[in-house]
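A short write-up of the structure that comes next.
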Amino acid sequence: MAYESFHGRRARRLENDPLRVTLLVEGGHLAEILDKASQVNPLWIPHWPSIEPSAYDRARHAMYGGASDGKLLAGIMGHNLCLDVFGPGSDAETAAGLTAHGESSVATYSMHGSESELFCSVMLPAAQLHFIRRLRLAGRVLLIHETVENIAPTDRPIAWTQHVTLGAPFLVKGETQFRSTATRSKTMEQDFTGGVTWMRENAEFDWPLAPRRDGGVEDLRVYTREPASGGYTAHLMDPAREQAWFAAWSPASQLAVGYVWRQRDFPWMGIWEENGSRQHSPWNGRELTRGMEFGVSPYPETRRAMIERGRMFGVPCYRWVEAKRKVEVDYCAFLLPAAQPPESVVWQGDTVKLG
């Protein structure tokens with residue numbers, strides 16, 4: 001199975017009649033779920049030039065950012081895996097070479113398979129984890145099975161988040177709509193945008209109405225109309241449901257993209273918004289994104305902060321992997337025609353049904 005080229009990056013592809021799926025060899029990012037008929041890929045492709053993480057040099061590539069996130073931003077696209085941290089490293093970890101969201105987002109993956117099935121694996125030496133991902137394309141559904149194996153002789157608390165980011169042109173201000181099984185929610189405890197946010201900090205709320213600084217509320221089911229904004233909200237997926245999901249719907253393309261997973265595997269979802277607020281390089285005020293990031297942790301934060309937080313709304317904020325043991329999960333992504341935003345999503349076998 002030969003390498004493909006995607007925005008100058010080495011890649012592997014899965015393909016059938018309706019869809020094309022592209023995985024980057026370095027970073028392992030799911031960069032593309034393309035609807036062939038409309039040529040729409042809902043996943044985020046940054047405007048800046050993408051390079052392989054292995055080619056990143058901090059001195060030569062200062063445009064991508066600092067020690068914590070420069071290497072990650074140089075190669076990020078679409079859906080990236082955050083393992084075994086979700087967020088920045090500590091000062092000591094960053095000085096030791098750990099990048100934001102962990103080494104899984106910048107490592108080189110071994111990939112093999114066919115046009116309909118792909119196996120990806122990587123050994124993460126700093127985290128002492130072996131990660132394997134199997135992807136299979138069935139019609140308009142991408143079936144994903146992941147295994148995390150702890151190769152250390154000690155039990156480990158880990159973060160494990162699927163950092164799915166959607167972008168323009170699928171995202172349109174005031175038009176693109178979202179649905180999910182989110183319930184109890186909370187904004188970030190401190191503003192990280194430099195004041196370019198509509199969100200009130202450290203505020204609990206019920207999905208989908210997030211509290212605004214001006215005293216009103218913002219409906220998270222519709223992408224913001226703000227001229228520039230940023231922020232993050234954490235959401236507990238409905239514990240009463242076996243399946244958790246989110247869906248995003250574009251009125252222009254009449255497509256719904258989303259993911260379905262077991263709530264017990266990934267009880268949290270974070271919504272990250274970047275709406276032209278970051279003026280520094282490489283962002284330059286040009287990015288329109290929404291991250292729909294489901295995993296075992298509510299917030300992107302350091303390992304120490306994650307562990308000290310412990311629980312939120314009575315639910316753990318990380319997952320244990322026992323010594324020399326494996327943890328396995330299944331989830332799926334879909335891209336389906338839809339005349340309106342779906343109010344229900346059911347995953348069964350190789351099919352996803354919208355209601």
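Every read-out reported here was derived from the displayed coordinates using simple, explicitly stated rules and does not represent laboratory data. Just so it is clear, the model here is predicted, and its values are computed rather than measured. Don't worry about glycine lacking a Cβ; one is built from the backbone with ideal geometry, like all the others, and counts go over all protein chains shown.
Results for (1) assigned to a loop (DSSP other than H, G, I, E, B); (2) closer than 17 Å to VAL257 by Cβ, shown as yes or no for each residue.
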| position | (1), (2) |
| --- | --- |
| PHE170 | yes, yes |
| GLU175 | yes, yes |
| GLY194 | yes, no |
| ASN202 | yes, no |
| PHE205 | no, no |
| PRO211 | no, no |
| GLU218 | no, no |
| GLU226 | yes, no |
| GLY231 | no, no |
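Can you name the strands (runs of 3 or more DSSP E) wholly within segment 68-158 that have at least 2 residues being aliphatic (A, V, I, L, M) and more than 16 Å from the chain's Cα centre (by Cα)?
The strands (runs of 3 or more DSSP E) meeting that bar are 117-124, 129-138, 141-150.
The single condition from (1) within 22 Å of THR161 (Cα to Cα); (2) of a type outside the set (Lys, Arg); (3) surrounded by fewer than 22 Cβ atoms within 10 Å (Cβ to Cβ); (4) in contact (Cβ under 8 Å) with a residue 60 or more places away in the chain that GLU242 fails is (4). Among the residues making up segment 302-351, those that are small (Gly, Ala, Ser), surrounded by fewer than 14 Cβ atoms within 10 Å (Cβ to Cβ) and on the phi < 0 side of the Ramachandran plot are ALA323, ALA339, SER344.
The conditions of being within 20 Å of THR147 (Cβ to Cβ), aliphatic (A, V, I, L, M) and in a strand (DSSP E or B) are met by VAL327. Within the option set VAL217, VAL257, being within 21 Å of ASP330 (Cα to Cα) and in contact with a Pro (Cβ under 7 Å, 6 or more places away or on another chain) holds for one residue only, VAL257.
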